[in-house]
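The values are calculated or read from the model by the stated rules, or taken from the named source; none is laboratory data. Since the model is a prediction, treat every value here as computed from it, not as a measurement. Every residue, glycine among them, receives a Cβ derived from its backbone with ideal geometry; neighbour counts consider all protein chains shown. Remember, those area values only see protein heavy atoms, side chains included, never the ligands or the DNA or RNA. Shrake-Rupley method; radii C 1.70, N 1.55, O 1.52, S 1.80 Å.
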Amino acid sequence: MIEIHREAGVETLRLNRPAKKNALTGEMYTALAEALERGNADPEVRVHLVCGVPGAFTSGNDIADFLAFAADGNMADAPVVRFLRALAACETPIVAAVDGLAIGVGTTMLFHCDMVFASPRALFKTPFIDLGLVPEAGASLLAPARMGHSRAFELLCLGESFDPVMAKAAGFVNHIAPEEDLEARALTCARAIAAKPAEAMRLSRSLLIGDRSALRERMEEEIRLFAECLRSDTARRAFAAFLDKAGKTG
């Protein structure tokens, strides 16, 4: 579930489903999207701080929940799509504190964050191709721009795991902090952002991001291809195998 707490301009969005390692359901995506959308229009929200629980930022999509919604392969109205579009349109700075698993969207959402703090046990992995799918969240555009083609290929196409040192070298983690200090460090950063002149911060961030039209176009192309891949036999077999394994180990 998503716990929301606001104090002194910092809105903390906590992913709190520890029993499932913060696997994201449609309800959770909707809550996150609504928070980001509200923040664009609320001057009291100066910065979003996204964090998880000890050992799990998020393990990615809740597969059963995701498949139940996307059974027909139509992703246009899926809660995850609303969340991804909200990320791309977010006008408020985003800080993330990543401890433990950051799988799939748990990694790709970080390319939309302005500051990312990670613990030494953080693990970044995007197994889209192994599931017969393609990257999402505009990662196919943002990752190569941030990391270069080779490292983006390693992360998004090979599905290799990145530890925090690799992620920092690749440019999508700013700082590594011990587990016990992680959220405090991230919160200190968020408070510093919230304390600065809001309009100057908004304009400066917008200048750094630049024209978002290419990002929006790429994200919509990813959504279209993702939906096509969902209907493939390869994806269906991969998801069935995943669910079968989960059922045997659950």
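Antiparallel beta bridges, as assigned by DSSP with both residues in region 1-96, represent about 45 percent of the total such bridges. The distance between label points at residue 213 and residue 4 comes to 3.2 nm (points 7 Å beyond Cα on the Cα→Cβ vector).
Counting only protein heavy atoms and a probe of 1.4 Å, the accessible surface of the chain is 56% carbon and sulfur.
The helix-only estimate of mean residue ellipticity at 222 nm for the chain, built from DSSP H runs of length n ≥ 4 each weighted as -39500 (n - 2.57), is -15500 deg cm²/dmol after division by the residue total.
Amide H contacts of residue 62 (H built 1.01 Å from N, in plane; Pro and chain starts excluded): 24, 25 sit under 5 Å, all sequence-distant by 5 or more or on other chains.
Indicate the gyration tensor shape class of region 14-150 (rounded, prolate or oblate), computed on the Cα atoms with a ≥ b ≥ c the square roots of the eigenvalues: a/c under 1.5 is rounded; otherwise a/b larger than b/c is prolate and the rest oblate. Rounded.
Give me the one-decimal nm value for the distance between modelled label points at residue 130 and residue 205, 7 Å along each residue's Cα-to-Cβ direction. The answer from the label model is 3.3 nm.
With all protein chains kept in place, the per residue accessible area of the chain amounts to 47 square angstrom at a probe of 1.4 angstrom.
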